[in-house]
Amino acid sequence: MLPPMSLIVASNLKKYYRVYQKEPGLKGSIKSLFVRKYQQVKALDGVNFKIEEGELVGFIGPNGAGKTTTLKCLSGLLYPDEGFVSVLGFNPWQRKAEFLKQIAFVMGQKNLLWWDLPPIETFLLNKEIYSVPKRDFDLVLEEMVGLLSVGDIIRIPTRKLSLGERMKCELIAALLHRPKVLFLDEPTIGLDVVMQKKIRDFIKTYNERYRAAIILTSHYMGDVQQLAKRVIIIDKGVIVFDGELAEITKKYADHKLISVVFSKKVLKKDLKKIGEIKEFAFPKVILAVKKGVAPLAASELLKSFPVEDLNIEEPPIEEIIRELFTGRDYA
Amino acid sequence: MKKYLAIAKLSFQEDLAYRSNFFFYFWDQTLSFLVQVLLWTIVFKESESIAGFDFNGILQYFIIVKLIQIFTVSRIAYVLGDLIISGDLSRFLLRPWSFFWAMFSRQLGKKSYRFFYLSLVIGVLFFLDLLQLGWFKILVFIAMLINISVLTFLYSFNLGALAFWATNITSLIWFFQQIADFLGGGWLPASFFPVWASALIRKLPFYLALGFPAEFFQGRVEPAAALLGIGQQLIWIVVLFFLTALIWGKGVKQYEAVGD
């Protein structure tokens with residue numbers, strides 16, 4: 001017997017696109033009718049990871065990094081050029097019904113709901129499509145409707161719902177068959193903070209209750225910070241980090257932030273001697289200093305300046321990641 | 001099977017939400033028919049009969065042609081084309097169903113609404129005995145309509161699948177549908193063409209799907225030939241079905257390779 005395989009395995013996954021380039025102007029248009037210049041884009045260039053049952057993984061990277069392409073390969077929408085993919089023991093690309101019945105792919109901007117009919121009709125249709133027994137259906141629906149408090153809107157035609165209400169119903173439609181693997185592509189895009197929190201809480205509950213493996217991509221670090229313990233960072237088709245969220249700070253942050261509130265006026269040039277000024281909004285100033293010298297810098301501040309309040313902080317994760325993506329070496 | 005029934009039922013409800021749509025479509029068709037009446041009035045001032053049609057005969061022919069079109073027209077080409085180009089096809093591919101049968105059931109659901117209207121019209125004609133309809137004629141005509149619905153769906157589905165290879169297909173779809181209309185006898189009955197052209201047109205599947213059933217309804221086709229026509233329709237359905245499977249298979253592979 002082979003040891004049990006991880007729920008999701010991607011090994012040396014490669015996907016190249018051929019994009020054709022057009023020269024500008026009418027001349028270029030005519031020329032492109034006959035001769036086309038193609039350029040190869042490496043969307044994924046050897047991606048490796050494993051994800052186990054019950055794991056909730058945040059997948060982050062700038063636009064065009066390969067997040068969605070990866071999800072498409074895992075769900076069976078894209079045929080990888082090279083490498084090995086296995087999800088729930090299936091080759092996703094074959095899109096077998098038994099496989100599709102155990103996964104769900106929620107894309108923030110696309111909807112499953114029938115526009116002119118109330119969400120409940122889509123739910124009932126999905127019950128048939130995924131052959132969910134009536135008893136399970138009733139139970140799960142009641143539970144989810146309760147968690148997202150949408151009891152009174154599922155009977156209103158979808159086109160009359162707000163974006164947030166629709167997104168909640170989208171999630172229900174996608175999860176009624178209780179998928180074991182869930183791909184969430186930007187689930188909170190365009191939502192206000194209250195709605196974002198509600199959706200996050202719901203995803204967390206689903207993950208815990210059904211031990212589902214969830215991969216989540218998002219542009220909001222908040223989503224990832226609140227939901228995912230493990231984070232995979234991808235850039236230009238290559239994984240640059242795979243580990244616990246807290247590790248990112250340890251590994252990549254080479255400085256700390258000291259925020260100080262002064263009681264009397266201070267001079268910028270005096271502060272510059274201690275560290276780089278990140279923000280100067282008197283009486284509050286934020287200084288960046290090298291990791292090792294933070295305590296020293298703090299005591300120097302307390303000694304020589306009129307300090308009212310002082311804090312040493314890690315730089316926010318968003319900032320670390322932004323710096324990661326703006327052209328520094330990862331090695 | 002149950003899931004496809006559910007899709008059909010839901011599509012039926014969805015179409016009910018657009019009752020007025022169908023109403024306007026119906027009147028739009030009627031209006032364009034009135035223009036035709038004017039045109040033919042002028043044409044028939046010169047002669048009693050052209051190519052085997054008198055004035056009443058030609059109007060009757062076009063009424064039936066319109067009814068057949070209203071009942072059997074398929075918009076799946078545009079729907080599918082949009083899904084492919086926008087990338088929305090993805091979410092349909094990730095469901096445990098056959099996309100083709102799902103769309104077919106959807107069409108079926110939408111059509112049942114129109115079928116209701118058509119049965120009303122035929123029912124009235126039947127009871128008024130305006131066209132000396134017998135049971136044989138009604139049954140054969142209904143069988144033909146069902147076949148034609150399948151044929152136009154398959155044809156339209158393949159036109160939509162062109163979007164796998166071309167990025168702007170609206171005009172392409174329109175063009176191919178005009179050709180189908182023209183060769184089907186939607187502009188003129190086949191007998192208006194020169195003998196050789198008319199013989200050719202009658203051999204094509206397009207005519208089987210429009211002019212032929214109209215002529216049958218008018219009593220211009222012998223019962224034996226009508227039954228043969230149904231047989232030919234069935235053969236074309238099988239041929240188109242396999243063609244669709246082939247094109248769809250190739251197209252989806254292309255879609256998987258390129259993504260969006």
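The values are calculated or read from the model by the stated rules, or taken from the named source; none is laboratory data. From a predicted model like this one, the values you see are computed outputs, not experimental measurements. We place every Cβ from the backbone using ideal geometry, glycine too, and count neighbours over all the protein chains shown.
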Residues in the range A:249-281 that are modelled with pLDDT of 85 or more, within 30 Å of A:Q225 (Cβ to Cβ) and among the small types (G, A, S): how many? 3
Test of understanding: among A:V106, A:V150, which residue is touching a strand residue (DSSP E or B) at 6+ places or on another chain (Cβ under 8 Å) and β-branched (V, I, T)? A:V106
Looking only at residues in the range A:128-150 that are at the interface with chain B (Cβ under 8 Å from one of its Cβ atoms) and not in a loop (DSSP other than H, G, I, E, B), which one is surrounded by the fewest Cβ atoms within 10 Å (Cβ to Cβ)? A:E128
Which residues, counting only those in the range A:42-79, are surrounded by fewer than 15 Cβ atoms within 10 Å (Cβ to Cβ) and either farther than 19 Å from A:I215 by Cβ or modelled with pLDDT under 85 (or both)? A:N63, A:G64
Pairs, first of a type in the set (G, A, S) in the range B:194-213, second part of a helix (DSSP H, G or I), C-beta under 6 Å, six or more apart: B:S198/B:A190; B:S198/B:S191; B:A209/B:I148; B:A209/B:L151; B:G211/B:A190
Would you list the strands (runs of 3 or more DSSP E) that sit entirely within the range A:11-119 and hold 1 or more residues that are of a type in the set (V, I, T) and away from chain B (no Cβ under 14 Å)? A:37-51, A:56-60
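Rundown of residues vs (1) part of a loop (DSSP other than H, G, I, E, B); (2) within 11 Å of the chain's Cα centre (by Cα); (3) touching a residue at least 60 places away in the same chain (Cβ under 8 Å); (4) over 21 Å from A:L163 (Cα atoms), yes/no style:
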position	(1), (2), (3), (4)
A:T188	yes, yes, yes, no
A:L191	yes, no, no, no
A:Q196	no, no, no, no
A:F202	no, no, no, no
A:I214	no, yes, yes, yes
A:Q225	no, yes, yes, yes
A:I233	no, yes, yes, yes
A:G243	no, no, no, yes
What are the pairs, 6+ residues apart or on separate chains, where a residue within the range B:7-25 that is facing chain A (nearest Cβ under 9 Å) has its Cβ under 6 Å from a residue that is aliphatic (A, V, I, L, M) and part of a helix (DSSP H, G or I)? B:I7/B:A102; B:L10/A:L125
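Can you list the strands (runs of 3 or more DSSP E) found entirely within the range A:245-331 that contain at least 2 residues being buried (at least 18 other Cβ atoms within 10 Å of the Cβ)?
A:255-262, A:284-290
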Residue that is in contact with a Ser or Thr (Cβ under 8 Å, 6 or more places away or on another chain), outside any loop (DSSP other than H, G, I, E, B) and hydrophobic (A, V, I, L, M, F, W, C), where the choices are B:A77, B:A102: B:A77
